[in-house]
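Asker: Handing you this structure, nothing more for now.
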Amino acid sequence: MIFDKNIVKAKFVSRPNRFQAYVYINNSKTMVHVPNTGRCKEILLPGTTVILREENNPTRKTKYDLIAGYKGNRLINIDSQIPNKVVDEALKQNKIDYFKRYIKIEREKTFGNSRFDFKLGDKEDKRCYLEVKGVTLEKDGITMFPDAPTERGRKHLLELVRVKKLGLDAAVLFLIQMRGVRYFRPYDEMDEKFGEDLRYAKQNNVKIFAYDCDVGEHFITLRDEVRVQLSSNS
């Protein structure tokens, strides 16, 4: 997908809370909105070059959203609204082999006590519930999720197991918002229970995928499938 709004480069200064950050735009210190509640500590470092999207909405307190940051030469998108849009585009373009048979794509559909990102349907009306998780954490080419404990994420995994046990299809896709990585794994050191539940979901035949992205200052698009490593022996 191509960003159709004005894009501005800036220098990161600080992040006083989850939703706000200060940056320098042409030597002028400016407060911006951070559309990501994750920590992103390895990306949002003082002096880092960041990418802002201009939001000309007179009701907003801030003019810009901080949507990406450079980590060395690698640009990482951190906008939490982006992963669903990228996957939606990829599904419609049949870029993900496993989901090519699903011709009906619905967004934000409820099942039980959870609302999943996608509800898919094939010609025989077999349903698949798909949850998408955006990944921004990378260390030495290894990408991980989550970067903060997530009770909501665990709930989604257990609900996907329930979907599967009822005879429907269920999947989770970790969208890695960067390119050039080695593999993906759950970040057990941050949230051990999430890792346990992800392995439990795998044992119950929930499909687990990871894909990286081509990321530029004006675009992001799904790229290639990335290996998922659930244990040291996988």
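Quick note: the coordinates plus some simple rules give every number you see, no bench work behind them. Nothing here was measured: the structure is a model prediction, and the numbers come from that model. Reconstructed Cβ throughout: ideal geometry from the backbone, glycine too, with neighbour counts over all protein chains shown.
Asker: What does DSSP give for region 131-185 in terms of the percent of beta bridges that are antiparallel, rounded to the nearest 5? Don't skip to the answer; put the middle values down first.
Answerer: Details: 3 of 11 bridges.
Antiparallel bridges make up about 25 percent of those DSSP assigns within region 131-185.
Asker: Still on this structure, I have one more. Relative contact order of region 89-162, please, whole-number percent, based on alpha carbon pairs below 8 angstrom and at least 6 residues apart.
Answerer: On the way: 82 pairs, mean separation 14.3, N = 74.
Relative CO of region 89-162 lands at 19 percent.
Asker: Of all DSSP beta bridges located in the chain, what percent are antiparallel, nearest 5?
Answerer: 70
Asker: Between Arg18 and Arg179, what is the label-to-label distance in nm when each label sits 7 Å out along the Cα-to-Cβ direction?
Answerer: 3.2
Asker: Among the lysines, which have Cα under 18 Å from the Cα of Lys29 when same-chain residues fewer than 8 positions away are ignored?
Answerer: Lys9, Lys11, Lys61, Lys63
Asker: Given the options Gly180, Val87, Met144, identify the residue whose Cα lies farthest towards the positive end of the charge dipole of region 82-225 (+1 on Cβ of Lys, Arg; -1 on Cβ of Asp, Glu).
Answerer: Farthest towards the positive pole: Val87.
Asker: Sticking with this one: Going through region 186-234, which GluC sites (Glu not before Pro) have at most 13 other Cβ atoms within 10 Å and a DSSP loop state? Walk me through the numbers before you get to the answer.
Answerer: On the way: sites: Glu189, Glu192, Glu196, Glu217, Glu225; in loops: Glu189, Glu217.
Listed in order of number, the matching sites are Glu189.
Asker: Placing +1 at every Lys and Arg Cβ and -1 at every Asp and Glu Cβ, with all other atoms neutral, what dipole size does the chain have around its Cα centre, in debye to the nearest 20?
Answerer: 280
Asker: Cut-off 12 Å, label point 7 angstrom out along Cα-to-Cβ of Ile105: give me the residues of region 68-84 whose amide nitrogen falls inside.
Answerer: Label zone hits: 84.
Asker: Using all Cα-Cα distances in region 7-77, what percent lands in each 10 angstrom bin from 0 up to the longest?
Answerer: 22, 59, 18, 1
Asker: As an exercise, use a Förster radius of 41 Å and the Cβ-Cβ distance of Asn26 and Arg227 to find the FRET efficiency, rounded to the nearest 0.05.
Answerer: Details: r = 42 Å, r/R0 = 1.03.
Approximately 0.45, to the nearest 0.05.
Asker: Could you state the number of Å between the C-alpha centres of region 169-213 and region 61-131?
Answerer: 15
Asker: To continue, here is another question. Jot down the radius of gyration and Dmax of region 147-202, Cα atoms only, both in angstrom.
Answerer: In Å, with Rg to one decimal and Dmax whole: 12.4, 37.
Asker: Mean separation of Cα pairs under 8 Å and 6+ residues apart, divided by the residue count of the chain: what relative contact order is that in percent?
Answerer: Reported as a whole number, the value is 16 percent.
Asker: Given the options His33, His218, His156, which has the most mean-square fluctuation in a GNM of the chain, springs set between C-alpha atoms less than 10 angstrom apart?
Answerer: Of His33, His218, His156, the Gaussian network model singles out His218 as fluctuating most.
Asker: At a threshold of 8 angstrom on Cα-Cα distance, excluding pairs fewer than six apart, so keeping six or more, what relative contact order does region 7-77 reach in percent?
Answerer: Computed over region 7-77, the figure is 30 percent.
Asker: Within region 99-159, report the GluC sites (Glu not before Pro) that DSSP leaves as loop and that have at most 12 other Cβ atoms within 10 Å. Mind dumping the intermediate values first?
Answerer: Details: sites: Glu106, Glu108, Glu124, Glu131, Glu138, Glu151, Glu159; in loops: Glu124.
Passing both the DSSP loop test and the Cβ count: Glu124.
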